[in-house]
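Quick notes on the structure that follows.
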Amino acid sequence: MRYRIIVKLKDSVLDPQGQTILSAIKKEQYDFISDIRTGKFFDLQIDENTEDVDKKLKKLAYDILSNPIVEDFVIEEMVKN
Amino acid sequence: MKAGVVVFPGSNCDHDCFYVLNKIFNIDTVFLWHKDRNLNNVDLIVLPGGFSFGDYLRCGAIANLSPIMNSVVDFAGKGGYVLGICNGFQILTESGLLPGFLMMNSSLNFICKDVYVKIMNNSLPFTKNYQKKEVTNIPIAHKDGNYYAGTSIYKSLKNNNQIIFQYCDVNGIITEGSNPNGSIGNIAGIVNIKGNVLGMMPHPERLADNVLGGREAYPLFQSIIDFLDGEV
């Protein structure tokens with residue numbers, strides 16, 4: 001099983017990297033984009049038959065991969081094509 | 001008294017801290033390796049600056065998972081004195097010993113320069129040799145020093161006099177222009193509620209010896225050493 005955990009700054013926290021990218025690309029005729037939020041992702045290969053994957057990954061994301069003071073996370077199972 | 005300087009892979013101010021404690025203040029000082037748990041009966045722990053574990057994941061996040069940090073958290077919980085400088089401050093916030101989080105500087109730049117800070121609370125073992133509201137010169141060198149805390153945490157830091165250093169101008173006025181990194185309330189350093197864990201972005205170990213250009217930060221080390229010498 002493959003999972004992806006996406007971590008990004010909370011919407012209430014200013015993201016200077018996103019703002020800088022936004023102001024740069026607006027000059028490159030991408031002025032239809034009104035906001036950019038940056039973040040990072042972690043792709044995880046999970047052993048088959050692992051129990052309570054959702055719960056375990058939530059704990060991992062909350063305790064270690066994100067800092068809940070400023071960051072949110074999303075966990076997605078990646079489906080094989 | 002005895003001091004310990006924790007060494008993580010990527011620490012690069014560990015020897016500077018050791019030098020100040022051992023050579024300038026003649027304190028029995030040991031290095032504490034991140035994989036160890038034994039604190040060697042030290043009375044003061046310094047988490048030095050640097051780029052522990054390459055700043056991967058978040059600054060200080062992986063260092064916080066080191067075995068020694070379990071011992072540091074226990075030590076602090078029993079009232080032991082801990083000083084976290086720069087990356088050490090980031091590790092302290094990741095460990096939960098200090099509230100808040102150090103985000104990337106609002107300018108997105110690594111900033112290395114001397115700044116002015118104001119001592120907001122001189123009643124602590126770490127600061128008693130300073131005058132209240134004293135303005136002092138001190139170097140900073142970081143990319144992730146933009147202190148952030150939610151409104152309720154920020155209010156409680158203020159109300160409990162936990163804000164120890166604030167960036168200011170040469171006259172001690174706290175202005176937006178003197179804030180190098182975007183920190184909320186110009187915060188450069190805070191303590192925990194008990195006053196035994198201090199985290200600060202500026203580098204006192206770089207300004208405690210005349211050979212290095214001045215001794216403006218000498219009183220910080222002198223304060224905690226005098227205090228612990230009296231206690232031990």
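The values are calculated or read from the model by the stated rules, or taken from the named source; none is laboratory data. Keep in mind that this is a model prediction, so the values were computed, not measured. Because the Cβ atoms are built from the backbone with ideal geometry, glycine has one as well, and the counts that use them run over all protein chains shown. Heads up: the accessible areas ignore ligands, DNA and RNA and are worked out on the full protein's heavy atoms, side chains in. Shrake-Rupley method; radii C 1.70, N 1.55, O 1.52, S 1.80 Å.
Looking at B:SER123, B:SER106, just one residue is within 14 Å of chain A (Cβ to nearest Cβ) and either touching a His at 6+ places or on another chain (Cβ under 9 Å) or outside any strand (DSSP E or B) (or both), and that residue is B:SER106. Checking each residue in segment B:47-89 for being within 14 Å of another protein chain (Cβ to nearest Cβ), in contact with a Ser or Thr (Cβ under 7 Å, 6 or more places away or on another chain) and part of a helix (DSSP H, G or I) picks out B:ALA63, B:ASN64, B:MET69.
Under the condition of being over 30 Å from B:MET103 (Cβ atoms) and either of a type in the set (Phe, Trp, Tyr) or open to solvent by 40 Å² or more (accessible area, probe 1.4 Å) (or both), which residue from segment B:32-42 is farthest from the other protein chains (Cβ to nearest Cβ)?
First, the residues of segment B:32-42 that are over 30 Å from B:MET103 (Cβ atoms): B:36-42.
Still in the running and either of a type in the set (Phe, Trp, Tyr) or open to solvent by 40 Å² or more (accessible area, probe 1.4 Å) (or both): B:36-38, B:40-41.
Details: B:ASP36: 22, B:ARG37: 20, B:ASN38: 25, B:ASN40: 28, B:ASN41: 31 Å.
Per the stated criteria, the residue is B:ASN41.
If you check A:TYR30, A:TYR3, A:TYR62 for being in a helix (DSSP H, G or I) and either aromatic (Phe, Trp, Tyr) or out of contact with any strand residue (DSSP E or B) (no Cβ under 9 Å at 6 or more places or on another chain) (or both), only one passes: A:TYR62. Suppose we filter B:ASP74, B:ASP28, B:ASP16 for residues that are at pLDDT 95 or above, more than 27 Å from B:MET103 (Cα to Cα) and open to solvent by 40 Å² or more (accessible area, probe 1.4 Å); which single one remains? None of the others qualify; the one that does is B:ASP28. Selection of segment B:180-213 for residues being closer than 20 Å to B:HIS142 by Cβ and open to solvent by 10 Å² or more (accessible area, probe 1.4 Å) yields B:PRO180, B:GLY182, B:ILE184, B:GLY185, B:ASN186, B:ARG206, B:LEU207, B:LEU212, B:GLY213.
In the set (1) surrounded by fewer than 24 Cβ atoms within 10 Å (Cβ to Cβ); (2) under 18 Å from the mean Cα position of the chain (by Cα), B:CYS59 fails one condition alone, (1).
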